[in-house]
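Some notes on the structure that comes next.
The values are calculated or read from the model by the stated rules, or taken from the named source; none is laboratory data. Since the structure is predicted, the reported quantities are computational estimates derived from the model, not experimental observations. A quick note on method: Cβ atoms are made from the backbone with ideal geometry, for glycine too, and the neighbour counts reach across all protein chains shown. Quick note on the areas: whole protein, heavy atoms, side chains included, nothing else; ligands and nucleic acids left out. Shrake-Rupley method; radii C 1.70, N 1.55, O 1.52, S 1.80 Å.
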Amino acid sequence: MAGGDHEGEGAAVPAASKGSWASFLKQLASFDGDLSRLTAPAFILSNTSLTEFSAYWAEMPRLLTAPAKEKDAEKRMVLVLKWFLSTLKQQYASRNERLGSEKKPLNPFLGELHLGQWEDKEGTTHLVSEQVSHHPPVTAYAIWNDEKGVQLEGYNAQKASFGRTINIRQVGHALLHLKEFDEHYLITLPALYTVGLITGSPYMELSNSSYIVSSSGYTARIDYSGKGYFSGTRNSFTASIYPSTGGSKTSPLYTAEGVWTNSFTIKDANKKTIDTYDAKAEPKTPLKVAPVAEQDPLESRRAWAKVAAAIEKGDLNTTAAEKSVIEEQQRALRKKEKAEGKEWDGRFFSRTNKAPKLDALIKEVPHGSLDKDQTDGIWEFDAAKAKNAKKPYSRLSAELEEKGWRGWSG
Ligand code: HC3
């Protein structure tokens, strides 16, 4: 584990929460790895569900679509790497920057949806994110821009363990498709861990390596490092692109280096800088989502509205009560489905056992495996389902709408 927990114990914990933070830390000693079961004090709870996190992949649509405009395959790989690196700050540090520390997100319920689109110079980039499994918790997403011929899809779950910090391994992957070149890029997900848990102001750091493998024959390896006790810089990485056939031992065609929360440089094989990235200068396009009142009852912000309001007020009792309403409703629904011999079938994604594109690309990743037993299968965007998916998204949505639904306990 890297350093970082040097400050005083509980230094950042509000006075009224010192006791509950100490209990939270004690609870970690007997942690069974299921992040959704961790009960955390109110000050560390986030009002955002994990289904919303899928949007972090495309908050800068210009970078996502850039590879589709490049004619040279090697340069396309560089642009895919640049886009991927640019998403890291949003994925892993944006809550910390906005809220002062990493928070514990809301655990999505089965079938929860987060839908929206980005509209800017790139045209419309669509997002669907859906909770496709509850045990284990798995979120699947698809992001596409038809005008630019770009589609990203993926799914993820987390496996956690506790040492001196919470270590999280991500299971799942993302797959980028560039229509014009019929090219696929498999993206593996980095491991992460919390720093600053003792002080009560945790943030996430990335560790080990992640990969991008293209069907055009290139692989990028990204190595993450953080701040140690004596040296190192927070959120650092080095990356290299090499021909997949040659393996990482061959000299890289391109390298990238920097701090993913700040800036980085990309160099060619002659060490000449060919591109730079400055996270602060890169404009973001806000995701447009329907107003809460117009959302389907399965949509994240509508479903969690009461819980989110209670969290914002720091009202732990109402938070717990409103969460139980959702949990109870879900339990009743599952019971009903079981009695009717039905299983919940997602609205946008389907489980598959055969994924030839993924299988071919994952072979290039050292120790690469789809780990499908840990994600309740392999999840694919189902275009046929998506075509028919419209409000109300479920029988439950229809029933709730009919009753004049105003929130899960309304
Ligand atoms: C580990 C995490 C939940 C999972 C989050 C994931 C891996 C989800 C998929 C996104 O694409 C990327 C991503 C970013 C952040 C990850 C979250 C950070 C913290 C949260 C834990 C469940 C909370 C741990 C409790 C805390 C904050 C007190 O230490």
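Observations on the model:
- For region 86-157, the strands (runs of 3 or more DSSP E) that sit wholly inside it and include 1 or more residues that are among the hydrophobic types (A, V, I, L, M, F, W, C), within 11 Å of the ligand (Cβ to nearest atom) and open to solvent by less than 10 Å² (accessible area, probe 1.4 Å) are 104-106, 138-145.
- Count - residues of region 146-202 that are aromatic (Phe, Trp, Tyr), farther than 19 Å from Ala58 by Cβ and either at pLDDT below 95 or touching a Phe, Trp or Tyr at 6+ places or on another chain (Cβ under 8 Å) (or both): 1
- Residue, farthest from the chain's Cα centre (by Cα), within region 71-85, restricted to residues that are basic (Lys, Arg) and open to solvent by 20 Å² or more (accessible area, probe 1.4 Å): Lys71
- Residue selected from region 160-183 under the condition more than 14 Å from the ligand (Cβ to nearest atom) and without any contact (Cβ under 8 Å) to a residue 60 or more places away in the chain, by the criterion surrounded by the most Cβ atoms within 10 Å (Cβ to Cβ): His177
- Listed by first and then second residue, the pairs linking a residue in region 355-370 that is open to solvent by 30 Å² or more (accessible area, probe 1.4 Å) to a residue that is among the aromatic types (Phe, Trp, Tyr), with Cβ atoms under 7 Å apart and 6 or more places separating them unless they lie on different chains, form an empty list.
- Filtered residues of region 199-210 (kept if in contact with a helix residue (DSSP H, G or I) (Cβ under 9 Å, 6 or more places away or on another chain) and more than 11 Å from the ligand (Cβ to nearest atom)): Ser210
- When region 184-198 is filtered for residues that are away from the ligand (no atom under 16 Å from the Cβ) and either more than 19 Å from Glu70 (Cα to Cα) or open to solvent by 10 Å² or more (accessible area, probe 1.4 Å) (or both), only His184 remains.
- Leu192 in contact (Cβ under 8 Å) with a residue 12 or more places away in the chain and either of a type in the set (Lys, Arg) or closer than 19 Å to Gln90 by Cα (or both): yes
- Any hit, region 51-58, residues being farther than 17 Å from Thr285 by Cα and either buried (at least 22 other Cβ atoms within 10 Å of the Cβ) or more than 10 Å from the ligand (Cβ to nearest atom) (or both): yes
- Lone qualifier among Glu102, Glu70 - being touching a residue at least 12 places away in the same chain (Cβ under 8 Å), over 19 Å from Tyr141 (Cα atoms) and in contact with a Lys or Arg (Cβ under 9 Å, 6 or more places away or on another chain): Glu102
- Any chance Pro136 is within 17 Å of the chain's Cα centre (by Cα) and of a type outside the set (D, E, K, R): yes
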